[in-house]
Amino acid sequence: MTHPITASMLYNLMQCPNRVALDLFEDPAKQDEVSKFVELLWERGAAFEDEVIGSLEIPFTDLREMTAVEREHATTEALASGAELILLRLSENGYVAGDIKSGAALEGSSDLADGRPKKHYAVQLALYTDILEGLGHSAGRFTFVWDISKNETAYELDALQGTRNPKSLWDSYIETLAKALNIADGREKPAPA
């Protein structure tokens, strides 16, 4: 049985491939209880998302209270009706995927240097962009993150990330997606750390 690939699965894969396999195939009863610290992080992230959404000055289609099936149907309807923002933002040529993150959008930034997009955020946004491409609604391979500083940071998915390792974020997404599919299909079994 093939498991659907989700953005959170790709995020987790960037952190620990074994976690993805355990989430898919291990008995959930064997999982540790969620720690109070992790619950606090989730609550903080949700509160930040609420704060950002509450401060928007453009119409926003909020689907957070719906079930997954309801969200899929409502998103399809919102795309068809041309909704301005669904964490997919309408532009001249289609929709641009975006996300709200309670962390910094860039890593390695300082007062002296710009940072780079976080790959674990980028693979999630690339999945959304890939889905938009498949539906014929994508404006292109660029996305945005609203981060903890309330800044909007653009991620150019096709831009090369460096000279020593000339790969794009889209290349990283394709590699991560292939690995996720291999794990989900049982063709690859990651080893524990």
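The values are calculated or read from the model by the stated rules, or taken from the named source; none is laboratory data. Values in this document were obtained by computation on a predicted structure and should not be read as measured data. Neighbour counts are summed over all protein chains in view; Cβ atoms, including those assigned to glycine, are modelled from backbone coordinates with ideal geometry. Remember, those area values only see protein heavy atoms, side chains included, never the ligands or the DNA or RNA. Shrake-Rupley method; radii C 1.70, N 1.55, O 1.52, S 1.80 Å.
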**Request:** Report the extension gain between E107 and R187 in nm, rounded to one decimal, defined as 0.36 nm multiplied by the number of residues separating them, less their alpha carbon distance.
**Result:** 25.6 nm
**Asked** In the range 135-185, which trypsin sites (Lys or Arg not before Pro) are in a loop and have at most 15 other Cβ atoms within 10 Å, using DSSP for the loop call?
**Response** K150, R164, K167
**Request:** Among I174, I58, I100, determine the one that fluctuates most according to a GNM of the chain built with springs between C-alpha atoms less than 10 Å apart.
**Result:** I58
**Request:** Mind computing the radius of gyration and Dmax over the alpha-carbon atoms of the range 39-94? Å is fine for both.
**Result:** 12.9, 39
**Message:** Rounded, prolate or oblate for the chain? Axes are the square roots of the Cα gyration tensor eigenvalues, ordered a ≥ b ≥ c, and the cut-off for rounded is a/c under 1.5.
**Reply:** rounded
**Request:** Kindly sort S81, S168, S8 by accessible area of their heavy atoms, largest first, with the probe set to 1.4 Å.
**Result:** S81, S8, S168
**Request:** First select every other residue whose beta carbon is under 13 angstrom from the beta carbon of P59; then total the charges, Lys and Arg +1, Asp and Glu -1.
**Result:** -2
**Asked** Can you give the accessible area per residue of the range 146-190, in Å², using a 1.4 Å probe?
**Response** 59
